[in-house]
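> What follows is a single structure, and I will ask about it in a moment.
The values are calculated or read from the model by the stated rules, or taken from the named source; none is laboratory data. If you're wondering where the values come from, they're calculated on a predicted model, not measured in any experiment. Reconstructed Cβ throughout: ideal geometry from the backbone, glycine too, with neighbour counts over all protein chains shown. Quick note on the areas: whole protein, heavy atoms, side chains included, nothing else; ligands and nucleic acids left out. Shrake-Rupley method; radii C 1.70, N 1.55, O 1.52, S 1.80 Å.
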Amino acid sequence: MKLEDFNYYLREELIAQTPLKDRSSSKLMVLDRKTREIQHKVFKDIIDYIDEGDCLVLNNTRVIPARLFGIKEETNGKMEFLLLKRIDKDTWETLVKPGKRAKIGNVFIFGDGKLKAEILDIIDDGKRIVKFIYEGIFEEILDDLGQMPLPPYIKEKLEDKERYQTVYSKEEGSSAAPTAGLHFTNDLIKKLQDKGVKIAYVTLHVGLGTFRPVKVENIEEHKMHTEYYVLDEENADLINKTKENGKKVIAVGTTSCRTLETIGCNGRVKASSGWTDIFIYPGYKFEILDLLITNFHLPESTLLMLVSAFSDREFIMNAYKIATEENYRFFSFGDAMLIK
């Protein structure tokens, strides 16, 4: 399957730059895989498509303020660090700009010396292994000095950091938000629970590889980034009982989907944790997923390929064409899609 099969034209003004004040008032496009019907709703209408006994699976990861701006110790040259993956307590895999200034042994200073970083190694794709030096608690220093790592297509400044977090975010570690979850409010979740919908949580720390473009023409040759996931016993049991009762498992976002499908086997999940590099594209046979709630994704992205695998490419690409004609808002702060 070719990369160009997942390309589409998007007018720049349809890329959402700021979140809506009311999370649940985004548009919702509802796609029926059997009838090929497409409906236009509001996100809070999602409750009409989820039944008593169904299980909604949420990714409770929390975005860290992973973007740091500092200077090089020797030259005072300005530098940008983006934290990607924690290796141990004080050692991180990072992206550094401009990379040519970040050689092994170089030291960089943030916040007038409150935090320092030494380059330990240079690895694949030019990423740096960095050791941070500080006094106190790293998370508190990062919260003070760091900025939210918004995707490159968002140019507007985010006034409220919490608007790039889901209302149920808990486990710190992501470099990007699981954006399908941004549409949920506490009130909407309560209404779903009052209806008898089960809520299960997984954790998958989203890496910036999510936004890495596919560079190979044959998509099967693409190598996915790795992301850390956790599913505990309580939530695994909840998901398995849902399947046993013949009810639906609904993934909120591609991150929840990738976690479930990483550990799913014969229609069941098993409590586990580890690293996943699962790449889901058309032809993939889903083990766990029954419905998918997701945002509108970038052209030629692995996320668009995953969505196309859950339905089919032609139906999805036609839906995207309709979304552009109907002025849906795209990407992280944009509107949502329910595929059933």
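> Any idea which of Ile263, Ile280 is more than 25 Å from Lys2 (Cα to Cα), among the β-branched types (Val, Ile, Thr) and open to solvent by less than 40 Å² (accessible area, probe 1.4 Å)?
From the options Ile263, Ile280, the qualifying one is Ile263.
> Is there a residue being hydroxyl-bearing (Ser, Thr, Tyr), open to solvent by less than 10 Å² (accessible area, probe 1.4 Å), closer than 29 Å to Ser311 by Cα and in contact (Cβ under 8 Å) with a residue 24 or more places away in the chain anywhere in region 51-62?
First pass over region 51-62, keeping only residues hydroxyl-bearing (Ser, Thr, Tyr): 61.
So of that shortlist, the ones also open to solvent by less than 10 Å² (accessible area, probe 1.4 Å) come out as 61.
Still in the list and also closer than 29 Å to Ser311 by Cα: 61.
In the following step, the residues that additionally are in contact (Cβ under 8 Å) with a residue 24 or more places away in the chain were identified as 61.
Taking every residue of region 51-62 in turn, at least one turns out to be hydroxyl-bearing (Ser, Thr, Tyr), open to solvent by less than 10 Å² (accessible area, probe 1.4 Å), closer than 29 Å to Ser311 by Cα and in contact (Cβ under 8 Å) with a residue 24 or more places away in the chain.
> Determine, yes or no, whether Val206 is in contact (Cβ under 8 Å) with a residue 24 or more places away in the chain, closer than 28 Å to Phe315 by Cα, part of a loop (DSSP other than H, G, I, E, B) and open to solvent by less than 10 Å² (accessible area, probe 1.4 Å).
Judged against the criteria, Val206 is a match.
> So, Glu156, is that one open to solvent by 10 Å² or more (accessible area, probe 1.4 Å) and outside any loop (DSSP other than H, G, I, E, B) or not?
Numbers: open to solvent by 10 Å² or more (accessible area, probe 1.4 Å): yes; outside any loop (DSSP other than H, G, I, E, B): no.
Here the answer is no, as Glu156 does not meet what is asked.
> Which ranges mark the strands (runs of 3 or more DSSP E) fully within region 22-84 that have 3 or more residues being under 30 Å from Lys198 (Cβ atoms)? Quick ask: steps written out before the conclusion?
Details: elements: 27-31, 38-42, 55-59, 61-63, 67-72.
It comes to 27-31, 38-42, 55-59, 61-63.
> Looking at region 217-236, I want the residues that are among the small types (Gly, Ala, Ser) and have a partner that is surrounded by fewer than 19 Cβ atoms within 10 Å (Cβ to Cβ) with Cβ atoms under 9 Å, at least 6 apart or on another chain. Which pairs are those?
Sorted first by the residue in region 217-236, then by its partner, the pairs are Ala236/Arg268; Ala236/Lys270; Ala236/Ala271; Ala236/Ser272.
> Here is a check on your reading of the model: is Leu28 touching a residue at least 12 places away in the same chain (Cβ under 8 Å) and open to solvent by less than 30 Å² (accessible area, probe 1.4 Å)? Don't jump to the end; show me each part of the working.
Details: touching a residue at least 12 places away in the same chain (Cβ under 8 Å): yes; open to solvent by less than 30 Å² (accessible area, probe 1.4 Å): yes.
Yes; evaluated as a whole, the condition is true for this residue.
> Of everything in region 282-306, what is charged (D, E, K, R) and in contact (Cβ under 8 Å) with a residue 12 or more places away in the chain? Give them in sequence order.
Initial filter on region 282-306 (charged (D, E, K, R)): 285, 287, 290, 300.
Within region 282-306, Glu287, Asp290, Glu300 qualify.
> Read through the list (1) under 22 Å from Glu4 (Cα atoms); (2) out of contact with any helix residue (DSSP H, G or I) (no Cβ under 9 Å at 6 or more places or on another chain), then give the number of the only condition that Ser301 fails.
Exception for Ser301: condition (2).
> Given the condition part of a helix (DSSP H, G or I), among the basic types (Lys, Arg) and within 18 Å of Thr61 (Cα to Cα), answer yes or no: does some residue in region 191-198 qualify? Outline the logic, then answer.
Taking region 191-198 first, the residues part of a helix (DSSP H, G or I) are 191-194.
After this cut, where a residue has to be among the basic types (Lys, Arg) as well, the list is 191.
From what's left, within 18 Å of Thr61 (Cα to Cα): none.
For region 191-198, residues part of a helix (DSSP H, G or I), among the basic types (Lys, Arg) and within 18 Å of Thr61 (Cα to Cα): absent.
> Do you know which residues across region 126-148 are in contact with a Lys or Arg (Cβ under 7 Å, 6 or more places away or on another chain) and in contact (Cβ under 8 Å) with a residue 60 or more places away in the chain?
Leu145, Gly146, Gln147, Met148
Every residue, every condition in (1) open to solvent by 70 Å² or more (accessible area, probe 1.4 Å); (2) among the small types (Gly, Ala, Ser), yes or no:
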site	(1), (2)
Glu80	no, no
Ile87	yes, no
Ala102	no, yes
Asn106	no, no
Lys114	yes, no
Glu118	no, no
Ile122	yes, no
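> I would also like to ask the following. Please determine, by comparing only the residues of region 89-100 that are over 27 Å from Leu158 (Cβ atoms) and either assigned to a strand (DSSP E or B) or open to solvent by 80 Å² or more (accessible area, probe 1.4 Å) (or both), which one is modelled with the highest pLDDT.
The initial filter retains those residues of region 89-100 that are over 27 Å from Leu158 (Cβ atoms), namely 89-91, 100.
This time we only want the ones that are either assigned to a strand (DSSP E or B) or open to solvent by 80 Å² or more (accessible area, probe 1.4 Å) (or both), so: 89, 91, 100.
Details: Lys89: 90, Thr91: 97, Lys100: 90.
Checked region 89-100; the qualifying residue modelled with the highest pLDDT is Thr91.
Quick grid of which residues meet (1) touching a Pro at 6+ places or on another chain (Cβ under 9 Å); (2) not in a strand (DSSP E or B):
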{"position": "Asp237", "(1), (2)": "no, yes"}
{"position": "Cys257", "(1), (2)": "no, yes"}
{"position": "Ile280", "(1), (2)": "no, yes"}
{"position": "Glu287", "(1), (2)": "no, yes"}
{"position": "Ile293", "(1), (2)": "no, no"}
{"position": "Leu298", "(1), (2)": "yes, yes"}
{"position": "Leu306", "(1), (2)": "no, yes"}
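> Since Leu145 meets every condition but one in (1) open to solvent by less than 40 Å² (accessible area, probe 1.4 Å); (2) of a type outside the set (Val, Ile, Thr); (3) at pLDDT 95 or above, which condition does it not meet?
(1)
> I would also like to ask the following. Got a number for residues in region 37-71 being over 17 Å from Thr179 (Cα atoms), touching a Ser or Thr at 6+ places or on another chain (Cβ under 9 Å) and among the polar types (S, T, N, Q)?
Residues in region 37-71 being over 17 Å from Thr179 (Cα atoms), touching a Ser or Thr at 6+ places or on another chain (Cβ under 9 Å) and among the polar types (S, T, N, Q): 0 in total.
> Please determine, by comparing only the residues of region 311-340 that are under 18 Å from Leu58 (Cα atoms) and either modelled with pLDDT under 95 or under 19 Å from the mean Cα position of the chain (by Cα) (or both), which one is surrounded by the fewest Cβ atoms within 10 Å (Cβ to Cβ).
If we filter region 311-340 for residues that are under 18 Å from Leu58 (Cα atoms), which is where we start, we get 332-333, 335-340.
Next cut, either modelled with pLDDT under 95 or under 19 Å from the mean Cα position of the chain (by Cα) (or both) only: 332-333, 335-339.
Details: Ser332: 23, Phe333: 24, Asp335: 25, Ala336: 27, Met337: 25, Leu338: 22, Ile339: 20.
Across region 311-340, the extreme among qualifying residues is Ile339.
> Looking only at region 209-238, count every residue that is at pLDDT 95 or above and buried (at least 22 other Cβ atoms within 10 Å of the Cβ) and tell me the total.
Residues that pass the stated criteria total 3.
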